[in-house]
Amino acid sequence: MKIIINQPRASYFVGGAEMISFDHAINMLKLNNEVYFFTIDPKSIGLKYSIQFEKFYRNYSDQIHIIQINQDSRVKYIYDIEPGEDRCRWNVESMFYNQKLYDYLNDHNDKYDVIFSYYNLDSVFIPRNKIGKNVLYLCGIPRSQNDFQGSFLYAYDKIIAISKEVKESWKKYAKNGIDVISTGVDCDRFSLKEYKDSSTINLLFVGRLISRKNIDMIIKSYKKLYNKYDIKLTIVGDGPDRKRLERIFDKCIFTGVVANTEDYYKNADIFVTPSKFGEGLQGTILEAMSCGLTIVATNTKINNRLLSNNRGFLCEPEVNSIVEAIKNAINANRKSIASKNHKYVVDKYSWLIKTKELLEVLK
């Protein structure tokens, strides 16, 4: 098939949906599809490339058609707003980008079997004579029902959700139903770490530093445990909350955005991610499991399934519950959990398995 992966923010922004788009493109290529990757040219809005995009471009630009579209100059003002949870910012960006995307597709003779997008407004309007199927991949759960966001689902021929919970949150807006196909893991990259007995317990968080990720509760939990255990906390990622978070407890290690997250997983013991809301299936949990970490995560339906059979520990998104879950993880047989978690991900969530499922529903 001839497939467009349409991810306008992937060139400059590092978030879950952006990382998923890279993996979809790479694995669709591996399964012998002709892949086009559409994104914004960040230079047109005065931004820099993310290190993840630079790595993707360096490794795959000779095999994947990477097309960068100039964003409309009238919308430059929104890029002064640091990306976070402001839906208005994303909506404005998407509407102007979608017009540029339409013009590009309309002006070129190429035709495509599928265009695959990740945000409700990213490809609402497309020249239908150039595209066989317009597909939307839903990655998260809205904090509250939003009829404006939901109404745009009617523009898509097929909608796929990352989990059953995400499907349930959006299904009333989908005219043709919603398929569920989760994301996957590159199990070669996120391979099982070498297990070493050490007196130091290394806690890890990986993700955007935004409110719903609840990182302040991780730090406060760590502060409570700091004088009781030989323990370290590393926070990998960046975002609008970073400066505030750095002031909570000065013993935390903040790395910013890194290209080699697998190295941080393999140097950690316990992965902590007590998000307050909005998560579908968290790719970082799957990556951490694949590397053999013990997981502490919010008590949600999807995390309940992932961490059942003693694969991890669930908590409520508040300090006392997080502290108890981390204590349980410290005292657990983490070496046994490591091999169990890695095997579980390899058997159920490898990227090639998930991409084959995806392509099957796109036919």
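None of the figures in this text is laboratory data; all of them are computed from the coordinates on show. If you're wondering where the values come from, they're calculated on a predicted model, not measured in any experiment. We place every Cβ from the backbone using ideal geometry, glycine too, and count neighbours over all the protein chains shown.
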Exercise. Cβ under 15 Å from Leu47's Cβ, Leu47 left aside: what net charge do those residues give with Lys, Arg +1 and Asp, Glu -1?
Worked result: -3
Seminar exercise, completed: Under the rule rounded for a/c under 1.5, else prolate if a/b exceeds b/c, else oblate, using alpha carbon gyration tensor axes a ≥ b ≥ c, the range 275-353 is classed as oblate
For this session: With everything on Cα atoms, drop me the angle between helix 87-107 and the longest principal axis of the chain, reported from 0 to 90° to the nearest 10.
Result: 40
Problem set entry | Centroid-to-centroid separation of the range 197-223 and the range 302-363 [C-alpha atoms, Å] | 17
For this session: Would you list, by chain and number, the lysines whose Cα falls below 23 Å from the Cα of Lys220, excluding same-chain residues fewer than 8 positions away?
Result: Lys228, Lys232, Lys243, Lys251, Lys276, Lys327
Exercise. Once the principal axes of the Cα atoms of the chain are found, what is the range along each, listed largest first in whole angstroms?
Worked result: 64, 42, 41
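Fewest Cβ neighbours within 10 Å first, please rank His108, His24, His65 accordingly.
His108, His65, His24
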Exercise. Taking the Cβ of Tyr195 as the center, what net charge do the other residues with Cβ under 12 Å away carry, scoring Lys and Arg +1 and Asp and Glu -1?
Worked result: +2
Exercise. Of Met289, Met95, Met28, which has the largest mean-square fluctuation in a 10 Å C-alpha GNM of the chain?
Worked result: Met95
For this session: Rounded to whole Hz and in sequence order, give me ³J(HN,Hα) for the range 199-215 from the Karplus expression 6.51 cos²θ - 1.76 cosθ + 1.60, θ = phi - 60°, writing x for Gly and Pro.
Result: 6, 8, 9, 9, 8, 9, 10, 10, x, 6, 8, 10, 4, 5, 6, 6, 5
Exercise. By counting other Cβ atoms within 10 Å of each Cβ, how are Leu245, Leu307 ranked from fewest to most?
Worked result: Leu245, Leu307
Exercise. Taking the chain as a Gaussian network, Cα atoms linked when under 10 Å apart, which of Lys243, Lys251, Lys232 shows the biggest mean-square fluctuation?
Worked result: Lys243
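With the convex hull built on the Cα atoms of the range 201-348, state its orientation-averaged projected area in nm².
With every direction weighted equally, the projected area is 7.9 nm².
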